[in-house]
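For reference, the structure discussed in these notes is given below.
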C-alpha cells in the first residue's frame with residue numbers, strides 16, 4: 001500500500017512540473033502577408049516623416065505672409081565673445097628724466113583696453129623727486145596713463161602736494177611725469193603757509209618751483225602779526 005502511494009505522488013509531481021513549464025499562450029508565427037504589410041508601413045513612414053518636417057518648417061517661414069502681418073521669422077547670430085581687457089593689480093611704473101631724477105606711477109588697478117601703451121587707472125598716484133631732494137605727489141580717483149609719452153591725465157578729486165606744504169585741489173589735470181609739469185583748466189584751490197588762492201586754472205612748471213594761477217583768481221593772504 002505504501003509503495004503505491006509513493007509512486008502515485010511521484011507521478012503527480014512530474015505532471016505538475018510539466019504543467020508549470022507550459023507557456024500560458026502559444027506563440028504565433030507571423031504570416032508572410034503580415035510581414036510584407038509591416039515592411040510597407042515602415043517604408044511609408046521613412047518617406048512621410050521628412051515630408052512632414054519640411055512642411056512644418058515651411059509653415060513657420062511663410063506664416064506671416066499667410067496672416068498678412070509685417071513680422072518675419074529671422075535668425076540672428078549670437079553675440080561674439082570679446083576678451084576682457086588686460087587688468088593689472090597694483091601696477092608700478094618707474095623711470096628717470098633727462099637729469100636722472102626718478103619718478104614713480106602707481107595705481108590700485110589698471111586696465112589695458114587695447115592700445116599697447118595706454119592704461120586706464122583706478123586711484124592713480126605719481127611721485128616726482130626734485131633735484132634738491134624735495135618731492136611732488138599727485139593723486140586722483142581715475143586716470144589715463146600713456147606710458148610711451150609719460151603723460152598722465154587725472155580726473156576726479158585731483159590733489160597735488162608739494163613738500164613745501166602747498167596743496168592744490170581741482171577736478172582734472174594733465175601731468176607730464178618725466179618733465180615734472182602739470183596744468184589744469186578747472187577751478188583750482190591752493191592752500192599753503194601764504195594763505196589760500198582760488199583760480200579758474202593752474203600751471204605747474206619746473207617740478208613745482210613755479211606755480212601760475214590762470215583765469216580769474218582770488219587770494220587770501222595770511223601775514224605774521226608784529
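Quick look at the values:
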{"item": "Every pair of residues 6+ apart whose Cβ atoms lie under 9 Å, when the first sits in region 123-135 and is in the same structural domain as residue 176 (by TED's automatic domain parsing) and at pLDDT 90 or above while the second is buried (at least 18 other Cβ atoms within 10 Å of the Cβ) and assigned to a loop (DSSP other than H, G, I, E, B)", "result": "123/107; 123/140; 124/107; 124/140; 125/107; 125/140; 126/177"}
{"item": "Candidates 31, 40, 72, filtered to the one that is in contact with a helix residue (DSSP H, G or I) (Cβ under 9 Å, 6 or more places away or on another chain) and modelled with pLDDT of 50 or more", "result": "72"}
{"item": "Selection count, region 182-203, where residues are more than 17 Å from residue 144 (Cβ to Cβ) and either at pLDDT 90 or above or assigned to a strand (DSSP E or B) (or both)", "result": "15"}
{"item": "Residue check for residue 158: in contact with a helix residue (DSSP H, G or I) (Cβ under 6 Å, 6 or more places away or on another chain), in the same structural domain as residue 203 (by TED's automatic domain parsing) and in a strand (DSSP E or B)", "result": "no"}
{"item": "Qualifying positions in region 131-146 - surrounded by fewer than 17 Cβ atoms within 10 Å (Cβ to Cβ) and in a loop (DSSP other than H, G, I, E, B)", "result": "131, 132, 133, 134, 141"}
{"item": "Residue check for residue 169: under 20 Å from residue 215 (Cα atoms), in contact with a strand residue (DSSP E or B) (Cβ under 8 Å, 6 or more places away or on another chain) and assigned to a loop (DSSP other than H, G, I, E, B)", "result": "no"}
{"item": "Number of the exception - residue 164 against (1) over 20 Å from residue 119 (Cα atoms); (2) in contact (Cβ under 8 Å) with a residue 12 or more places away in the chain; (3) part of a strand (DSSP E or B)", "result": "(3)"}
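The values are calculated or read from the model by the stated rules, or taken from the named source; none is laboratory data. The model shown is predicted, which means the values in this text are computed figures rather than measured ones. For neighbour counting, all protein chains shown are included, and Cβ atoms are generated from backbone atoms with ideal geometry for every residue, glycine included.
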